[in-house]
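Values in this text are rule-based calculations from the coordinates and carry no lab data. As the structure is a computational prediction, the values presented were derived from the model and not from experiment. Please note: Cβ atoms are built from the backbone with ideal geometry, for glycine as well, and neighbour counts cover all protein chains shown.
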Amino acid sequence: MASKLRIRPILVTVWIIMVVIASALLAQFSATKGTLILTAAPLALVPILGLHFLRDNEARAGWVAVTLWLGLTYAGSGEPVELAVCAAIFAIGLAGYFRSAWSFPIAWFGHIAWDFAPRTLPAILADLPTACIIFDGIIGLYLIAMARKRWAS
């Protein structure tokens, strides 16, 4: 029994990493094919279904990782304001784990607002703001439901 208790955190961590990587790779593939808007809703199901079955504290840890990935969406540009927003989204995600699960939907809906800040996007990301309304919105609504029913904090 003790070995099962020690291996579970490792397996869960690997699973969470796989969910984040799958989400990132599928979103990148969708962007390269020009189907971000079309695939936004099904792509939202990857982290939702990938993390839903985990224990409460594990799922919340998973949402910290997925929320960090969300913040990293534009951080690759290296622009200081993008890095600051990434850090803010990650901090809000950490608050979702350590303080209140209500922080998670704040990060996701806040990202929708950030997507519409005036800036020039690379051509491959031209549809990202519209796709994020769908993707982030579905996830934000799911996280509201989890904060209300499952995590109740």
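With contributions of -39500 (n - 2.57) from each DSSP H run of at least four residues, the per-residue ellipticity at 222 nm computed over the chain stands at -26000 deg cm²/dmol. Between helix 103-115 and the chain there is an angle of about 10 degrees, using the helix long axis and the longest principal axis of the Cα atoms. Set Lys and Arg Cβ to +1 and Asp and Glu Cβ to -1, take the dipole of the stretch 45-151 about its Cα centre, and tell me which of ALA131, TRP102, GLY78 lies farthest positive. Result: TRP102. Take the alpha carbon atoms of the stretch 83-153, find their center, do the same for the stretch 29-75, and report the distance between the two centers in whole angstrom. That distance is 10 Å.
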